[in-house]
Amino acid sequence: MSSYNFPDDLLQAQRAWYATYRQLAQEVNPSQTTVLRRTLQRLSVRIATHPYWAMIPGRAPAGRMALKQYTWESGPTEARQ
């Protein structure tokens, strides 16, 4: 996981984001797509405003990419928030 020590709640939020995105890509029910898009927005805000990013000033962009790569490579989980 490189030099970043991501908190569990941040990892969980990013995994939930990917799981929700996968569901949205497969959804055909318009009323469900609205719910999934709102969930993606909520998770995006939770990830972007997490206090962890303040602990690594100047390295946050690289850290965000490392988080995405780590959670993508660790496999899909069906944890939805």
Report summary line: Helix-only [θ] at 222 nm, the chain, -39500 (n - 2.57) per DSSP H run of 4+, per residue, nearest 500, equals -21500 deg cm²/dmol
Query - Fraction in percent of alpha-carbon pairs per bin - 5 Å, segment 10-52 - result: 5, 26, 31, 19, 11, 6, 2, 1
Query raised in the report: Give me the log10 of I(q) over I(0) for the chain at q = 0.20, 0.26 Å⁻¹, as the Debye formula computes it from C-alpha points; what are the numbers?
Result: -0.87, -1.27
Query raised in the report: How many nm separate the modelled label positions at Ala48 and Ser74, each set 7 Å beyond the Cα in the direction of the Cβ?
Result: 2.3
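Read the figures in this text as sums done on the coordinates, not as results from a lab. Remember, it's a predicted structure, so these values are computed and weren't measured experimentally. Counting neighbours? That spans all protein chains shown, and the Cβs are built from the backbone with ideal geometry, glycine included.
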